[in-house]
Amino acid sequence: MPEPGRRVAVVTGAGRGIGLEICRRLARLDHTVILTARARVSAEQAAAGLGKAAHALQLDVTSPTGPAAVADEVVDRFGRLDVWVNNAAIVDDDGTRPSTMGMDAIAAVLDTNLLGAWRCAQAALPHMRRAGYGRIVNVTSTLGSLASVTDATDPAYRVSKAALHALTRVLAFEAAGTGVLVNAASPGWARTAMGGPDAPLAADEAAATPVWLATLPENGPTGGLFHDRQPYPW
Ligand SMILES: NC(=O)c1ccc[n+]([C@@H]2O[C@H](COP(=O)([O-])OP(=O)(O)OC[C@H]3O[C@@H](n4cnc5c(N)ncnc54)[C@H](OP(=O)(O)O)[C@@H]3O)[C@@H](O)[C@H]2O)c1
């Protein structure tokens, strides 16, 4: 069991990239961190690098039952569930276009990036509401900002993140007054498998805004989209 008062955080897609760096920062901020990954071995290897405060669980966010099983296990083992970061995501293959992208490929992106986050929020919220405290962070992208669409690239990814923004808003309204804050965090373009080697930010730098939203004080914002810790147009 963690020490009383020590926050417990779950992060999806935490075996590598920005998710792993979110976990590293949360561990430094004295959180007990549950790294989840599709492959148990990735979660275990990543957690092993973060010390005693880190634990590994298997979670594929496309599993209909996986998120609830993880939320329940975390509460059973650690006594609480304070923070859930929906970080796991996939992106369209290079060169896809909205008029030609296959429906199966579109569905796969939506299943991970939108429905995965939705399943996880449904799993986490009952525990958070009961405790009167929770922080849900949906890791998104400026590519999902309708105000920023200026070309036809990454259609399913953009649509999934735009819909994730809508999900953020409706969850925040539902949770209003319960102590649960729900926000979307754009990490910025970072050097990960998804971002590629030319990105300006290190994965650790990209973890800053998600972690800020994961650790908001009681009077922090809810239902917002933030980039570089600043409100960003939807
Ligand atoms: N990098 C950027 O420049 C950038 C910019 C804007 C937004 N973002 C957002 O930041 C977040 C993290 O991206 P990243 O750059 O760190 O990407 P990444 O290196 O490709 O990592 C994505 C992570 O998501 C996991 N994942 C994919 N499908 C999953 C599933 N069904 N269930 C559980 N985990 C799954 C992957 O696990 P596996 O190891 O099993 O594949 C991997 O750990 C994403 O939400 C992304 O949209 C990134």
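The values are calculated or read from the model by the stated rules, or taken from the named source; none is laboratory data. Here the structure is a predicted model, which is why all the values come from computation and not from measurement. Note: ideal-geometry Cβ built from the backbone for every residue, glycine included; neighbour counts use all protein chains shown. Surface accessibility is based on the protein's heavy atoms, side chains included, excluding ligands, DNA and RNA. Shrake-Rupley method; radii C 1.70, N 1.55, O 1.52, S 1.80 Å.
Here are some notes:
- The residues of the chain expose on average 46 square angstrom of accessible surface per residue, using a 1.4 Å probe on protein heavy atoms.
- Overall form of segment 1-118 per C-alpha gyration tensor (a/c, 1.5; a/b vs b/c): prolate
- Unit charges on C-beta of K, R, D, E only; dipole of segment 71-114, Debye: 120
- Square roots of five times the Cα gyration tensor eigenvalues for the chain, Å: 26, 19, 17
- Acute angle (nearest 10 degrees) that the helix 66-78 long axis makes with the longest principal axis of the chain, alpha-carbon atoms: 20
- The chain: relative contact order in percent, alpha carbon pairs under 8 Å with at least 6 residues between: 19
- For segment 148-209, the gyration tensor built on C-alpha atoms gives an oblate shape. Its axis ratio a/c (a ≥ b ≥ c) is at least 1.5, and a/b is not larger than b/c.
- The packing ranking of peptides 200-207, 30-37, highest mean first, is 30-37, 200-207, where packing means the average number of other beta carbon atoms within 10 angstrom of each residue.
- Global geometry of segment 120-171, whether rounded, prolate or oblate, following the gyration tensor of its Cα atoms and the 1.5 cut on a/c: prolate
- Tilt relative to the chain, helix 17-28 - C-alpha long axis, 0 to 90 degrees, to 10: 20
- For the chain, with all protein chains in place and a probe radius of 1.4 Å, 54% of the accessible heavy-atom surface sits on carbon or sulfur.
- Of all DSSP beta bridges in segment 8-231, antiparallel share, percent nearest 5: 5
- Dividing the alpha-carbon radius of gyration of segment 83-218 by the rule-of-thumb value 2.2 N^0.38 Å gives 1.08.
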